[in-house]
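Below is one structure; the comments refer to it alone.
Bear in mind these aren't lab numbers, they're just calculated from the coordinates by the rules spelled out. Computed from a predicted model, the values in this text were never measured in an experiment. Cβ placement follows ideal geometry from the backbone for every residue including glycine, while neighbour counts extend to all protein chains displayed.
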Amino acid sequence: MGFIGSINDKLRKFFWTQAPILDGRRCYIGCSGNFTIEQIITTRAPGAEIHSNDISLYSSVVGFALTCRKLPMQVVNPEIAWAQEYIDRGNPEAIATLLLLLDMFQFEKRKNPYSIRMWETYLTQWETLHTKTTVKVADSLTRSKVHEYTMVDVFNYYPRPDGVSIGFLPTYVGGYEKLFKRLEESITWADKPAYDMLTKERRNGNHEVYVGFKLERRTE
């Protein structure tokens, strides 16, 4: 199951190759996104202790699920009020609901026959789509073993001197906000974290912030 916000293929392949050096170490992952890095570390460095962090609704629902908790959510968009029932069923069902809603919102404005037809198709096929997506989500959740999940401004999350700091941050200002805007307007959630935009000026104001992951390439 590919979650939203995937890291690019080249970086994923590089990290897959190098990740075994993290075995037995404590790893702090900021901007966990779709938990791709967590999945790789779980597989390639099973002895690592994984700490994840993010501030989006989508990632937080996944993070709570991976740490055996449930994030309280309430649908406030009356047009999708029916989605509350599916969110309340459990973590895999809630994640599947968010994934499908993210797809649906592409057609929400229904400005042309195609978008109208797509919106109506999601509504009429919802049960089937939700069941299939829930199965995929449940399988994906077994592939990451996360010790801790927090919701902290990534600017304040680093550095972590007792472990390895890892991050694949948004590549443009407001990236998360653009991606999840309609979802977060439609659903409220408990303990929503406060944070500031991670602009270039903000990063440059504190040179101690670690915003990447550096591996030494060894030669024989």
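Observations on the model:
- Taking a ≥ b ≥ c as the square roots of the Cα gyration tensor eigenvalues, the stretch 101-158 comes out oblate, since a/c reaches at least 1.5 and a/b does not exceed b/c.
- A Cβ-based charge dipole, computed about the Cα centre of the stretch 9-189 with Lys and Arg at +1 and Asp and Glu at -1, lands at about 500 debye.
- Remark: for residue pairs 10/109; 70/136; 70/132; 10/136; 132/181, the C-alpha separation exceeds 27 Å in 10/109.
- When the Cα gyration tensor is reduced to axis lengths a ≥ b ≥ c, the ratio a/c is 1.5 or higher for the stretch 9-189, and with a/b above b/c it is classed as prolate.
- Placing pseudo-labels 7 Å out from each Cα toward the beta carbon at residue 77 and residue 131 gives an inter-label distance of 2.5 nm.
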